Amino acid sequence: MDWLPFLWLIFSFMNLTLLGLNFYEFLGFSDLEADYLNPYELSSRINYVIVPEYLLHGALCVLFLMTGHWIMFLLSLPTACYNLNQYLSNKHLVDVTEVFKVVNTEKKTRLIKLGFYVLFFGLVITRLALSVVRAVFADDDDVVAWSTIY
């Protein structure tokens, strides 16, 4: 049995989780702008999910690196570097007192990351479909040849 479809399935679930977390953060900032949330609620909600998002994205990058998917690793590396830079400079948490100063910047950042995660999800799903097709329709000799290529 080929392990690549299961691996790409794990990658797709991780990416879907990142997509959901980022969409949740974007909706929080939109709700703050529309005055559905107060700044304290927003900062507590965003600060609760931001570190797990960064850790999950880092784990996704490490898994791409460890499994030898170099192009996917290189595509996800800029976002991981941005997340690491934000975390190391302590700009990753939303401050209650200054949330209205950074709401537009944070929304734009979340929207760009959301677009990246949507495109990346398309790539991961395409690779999942290709790996399933190769695993189902390949002969036993071909499976050995494909597993040595990947």
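Taking the structure as given and computing volume of the Cα convex hull per residue in Å³, which label from (i) 120; (ii) 133; (iii) 100 fits?
(iii)
Can you tell me the dipole magnitude for segment 1-127 around its Cα centre, using point charges on the Cβ only (Lys, Arg +1; Asp, Glu -1), in Debye to the nearest 20?
Value, rounded to 20: 340 debye.
With all protein chains present, how much of the accessible area of segment 1-141 (probe radius 1.4 Å) comes from carbon and sulfur, to the nearest whole percent?
That share works out to 69 percent.
Placing +1 on the Cβ of each Lys and Arg and -1 on the Cβ of each Asp and Glu in segment 1-142, which of Pro39, Leu4, Leu130 has its Cα farthest towards the positive end of the resulting dipole?
Pro39
Could you give the distance between the Cα centres of segment 87-113 and segment 5-32, to the whole Å?
Here the answer is 18 Å between Cα centres.
Taking only protein heavy atoms into account and a 1.4 Å probe, give the accessible area per residue of the chain in Å².
Here the residues of the chain average 60 Å² of exposed surface.
How many nm separate the modelled label positions at Glu33 and Leu114, each set 7 Å beyond the Cα in the direction of the Cβ?
It is 0.9 nm.
Once both axes come from the Cα atoms, what is the angle between helix 70-88 and the longest principal axis of the chain, in degrees from 0 to 90, rounded to 10?
Between helix and principal axis, roughly 20 degrees.
For the chain, what relative contact order do you get, as a whole percent, if you take Cα pairs closer than 8 Å and at least 6 residues apart?
Averaging sequence separation for qualifying contacts and normalising by length gives 43 percent for the chain.
Which net charge results when you count Lys and Arg as +1 and Asp and Glu as -1 among the other residues whose beta-carbon is under 12 Å from that of Asn104?
Every neighbour counted, the sum reads +2.
The values are calculated or read from the model by the stated rules, or taken from the named source; none is laboratory data. Since this is a predicted model, take the numbers as computed values, not measurements. For neighbour counting, all protein chains shown are included, and Cβ atoms are generated from backbone atoms with ideal geometry for every residue, glycine included. Just the protein is used for accessible areas: all its heavy atoms, side chains included, with ligands, DNA and RNA removed. Shrake-Rupley method; radii C 1.70, N 1.55, O 1.52, S 1.80 Å.
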